[in-house]
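Worksheet for the structure shown next.
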Amino acid sequence: MKYEKLTKEQFEELHEEFAVFLAAQSIDVEEWTRIKEEKPELAEKELEVFSDFVWEKVLTKASYLDHFSPGSLNLFKCGDDGIQRILVKVNKEGVDLLKQEDFNWFLDNSGDPRIEYLKGQKAYAKERNEEVFDLIRQGGVVSDGELYEAIFKLISAQ
């Protein structure tokens, strides 16, 4: 398995897509029920293949990831050849960016000297989607990139 198996909740959300996936392999509901009962290892393999298929689609579409922690933001733009990263570090006592009011403080005071902005980029050391998946496993969340682009404009203007 390349990524990780979807959770039971994720499978439930994707039950229609899973049915189409099975149908593409000429497996109907009756056949699937029989496979689960008589060949659980084969059923498990099908679930793993479907999980990788779903992850591959999600990761291929993911262009931005955000990772929030109490004192910093890590914002990633995932291109074809590498990742660009913006690190926002808040050096103000008591600020927790996971709290809405403190995040709002950051947005309203983005020029405060206690806020550091660092940016960098790197080429992928592994296949693109594997590296994006690793960032998700470390707490990154796929985003629309709005925050990344806003902060990129802010620090590019400095």
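Values in this text are rule-based calculations from the coordinates and carry no lab data. Bear in mind the structure is a predicted one, so any value in this text is a computation, not a measurement. Every residue, glycine as well, gets a Cβ built from its backbone with ideal geometry; the counts of neighbours run over all protein chains shown.
Of the candidates Glu46, Glu131, the single residue that is touching a helix residue (DSSP H, G or I) at 6+ places or on another chain (Cβ under 8 Å), among the acidic types (Asp, Glu) and assigned to a helix (DSSP H, G or I) is Glu46. Of the residues that sit in the range 126-158 and are exposed (fewer than 10 other Cβ atoms within 10 Å of the Cβ) and under 15 Å from Arg85 (Cα atoms), which one is nearest to the chain's Cα centre (by Cα)? So the residue we want is Lys153.
Per-residue answers, yes or no, for (1) surrounded by fewer than 15 Cβ atoms within 10 Å (Cβ to Cβ); (2) in a strand (DSSP E or B); (3) over 17 Å from the mean Cα position of the chain (by Cα):
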position: His67; (1), (2), (3): no, yes, no
position: Leu75; (1), (2), (3): no, yes, no
position: Asp80; (1), (2), (3): yes, no, no
position: Gln84; (1), (2), (3): no, yes, no
position: Val88; (1), (2), (3): no, yes, yes
position: Glu93; (1), (2), (3): yes, no, yes
position: Leu98; (1), (2), (3): yes, no, yes
position: Asp102; (1), (2), (3): no, no, yes
position: Trp105; (1), (2), (3): no, no, yes
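In the range 96-128, how many residues are of a type outside the set (A, V, I, L, M, F, W, C) and more than 23 Å from Lys77 (Cα to Cα)? Count: 10. Do you know which residues across the range 1-13 are farther than 16 Å from Ala43 by Cβ and part of a loop (DSSP other than H, G, I, E, B)? Within the range 1-13, Lys2, Tyr3, Glu4, Thr7 meet the criteria.
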